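The values are calculated or read from the model by the stated rules, or taken from the named source; none is laboratory data. Note that this is a predicted model, so its numbers are computed, not measured. Here Cβ is always computed from backbone atoms with ideal geometry, including for glycine, and neighbour counts include all displayed protein chains. These area figures cover heavy atoms from the full protein model, side chains too; ligands, DNA and RNA do not enter into them. Shrake-Rupley method; radii C 1.70, N 1.55, O 1.52, S 1.80 Å.
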Amino acid sequence: MKILYITPKINNEGGVARVLSVKANYLVENFGYEVHILTQNEGNKPLFFSFDDKIVLHDMILKGNLISFFLQYIKALKKAITKIHPDIIIICDNGLKAYSIPFILKTKASIIFECHGSKYIEEKEQANSFFTTKFKLAFKEFSANRFTKFVALSKESLKEWNVKNGVVISNPLWFKSSRFSDLKSKKVIAVGRHSYEKGLDRMLQIWQKVIVNHPDWSLEIYGKSNKNQELQKLVNSLKIGSTVAFFDPVKNINDKYLDVSILVMTSRTEGFGMALIEAMALGLPCVAYDCPVGPRSIIKNNENGFLVEDGKIDSFVQKIELLIEDENLRLQMGKKAQESTEKYNLDRIMQQWKTLFEEITKQ
């Protein structure tokens, strides 16, 4: 079977790139599929994650104003389809342009849209007018039904969409481990790029309150920096620099989870929440805002972690302090967290993809 993935970038440190590398490698190594990936990498720059040498990478250079950009996009897509002749095309792109693909491509291949974010992600991040927002949402909804299949990462994510072609296939856990955190370290970890969506500014405001009673604890934040977010400036203004440290993304983030006791997530939107299942698989209890839509599909409140009403800072602080002050609670929740990640087993998830591919190609 010949598979073509279309995605903005795979040469970055993001969750989409990591998951795509895991899935594409699996399809090649275990199912013997021919896998192609069409990107906007802007050249064959070094890749952060490892992709099997058998995977064929294609790159499209898109420049200019909005109209020129879109016309180049259409041309590049058509050129790739003609060259590759895929059986299945999978779109891993939440940008508005991706929703136009069912209308601009004439192909016998089945086209799957893999949704990696909230339906409302662009509208939350950008200051659009009321009518612009309504138009974008209506276009997304209309387009989503034109794909062969619309794959959401959770039932909660699928509920955002009024689609008849929806399927739920979660992201897989990309590692297996026999080691777990002993939860004795006085460290809390947050993982995510410095963006409005990830809400790290909210985490810093929470942390200022936490260390009033727990100044011996520290917060480690792993993710690609962005000067526009001015997070270091916020740290300085909150006077919490002695207990907060920023780190660049690392490939083996699982090693870092073993050295901390709690993971926190203060995202404004999440398509899934890879950091949650990674940390939970290594026995970490997690505290997350109940944002649209990922965390609530992973965390069972008061069982394997805490879900906090979105934006309620004092409630978030309270949950962190509960875990800091009660080691037995940490251990109990950590154990349940680890057990709850078994359903994200890589073999299990990839078999779901194989079944879907076989079903739609037969049709």
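A few comments on the model shown:
- Given +1 at the Cβ of Lys and Arg, -1 at the Cβ of Asp and Glu and no other charges, the dipole of the chain around its Cα centre is 1140 debye to the nearest 20.
- Computed over the Cα atoms of the stretch 257-363, the ratio of the radius of gyration to the Kirkwood radius (Rg/Rh) comes to 1.08.
- Extending 7 Å from Cα along the Cβ direction at LYS354 and again at SER315 yields two label points whose distance is 4.3 nm.
- Overall dimensions of the stretch 202-309 as given by Cα atoms, namely Rg and Dmax in Å: 13.9, 37
- Cross-link pairs beyond the 19 Å C-alpha cut-off, checked among LYS198/LYS335; LYS198/LYS233; LYS23/LYS176; LYS45/LYS198: LYS198/LYS335; LYS45/LYS198
- Estimated FRET transfer efficiency when R0 is 51 angstrom, pair ASN65-GLU303 (beta carbons, to 0.05): 0.50
- Calculated from backbone phi, Karplus (6.51, -1.76, 1.60) coupling profile of the stretch 161-172 in Hz, x at Gly/Pro: 10, 9, 10, 9, 10, x, 9, 10, 9, 6, 5, x
- Axis angle, to the nearest 10 degrees, between helix 66-84 and the longest C-alpha principal axis of the chain: 70 degrees.
- Taking all protein chains into account, the per residue accessible area for the stretch 244-363 stands at 41 Å² (1.4 Å probe).
- Degrees, to the nearest 10: 200-213 long Cα axis against longest axis of the chain: 10 degrees
- With K and R counted +1 and D and E -1, the other residues having a Cβ less than 10 Å from that of ASP248 yield a net charge of 0.
- Solvent-accessible area assigned to carbon and sulfur over the chain amounts to 49 percent, based on a 1.4 Å probe.
- Degrees, to the nearest 10: 15-31 long Cα axis against longest axis of the chain: 60 degrees
- Net charge of neighbours whose Cβ lies under 10 Å from the Cβ of SER170, counting Lys and Arg as +1 and Asp and Glu as -1: +3
- MET265 long-range amide H proximity, modeled H, under 5 Å: VAL287, ALA288, TYR289
- Amide H within-cut-off set for ASP59, under 5 Å, with H built and near neighbours excluded: THR39
- Potential lengthening between GLU34 and LYS159 on full extension [0.36 nm per residue; Cα-Cα distance subtracted]: 41.7 nm
- Rounded to whole Å, sorted largest first: equivalent-ellipsoid semi-axes of the chain, Cα gyration tensor: 36, 23, 19
- Stretch gain in nm, segment PHE131-ASN228, where the contour uses 0.36 nm per residue and the Cα spacing is subtracted: 32.2 nm
- Sites LEU96 and GLN332, calculated FRET efficiency, Cβ-Cβ separation with R0 51 Å, nearest 0.05: 0.70
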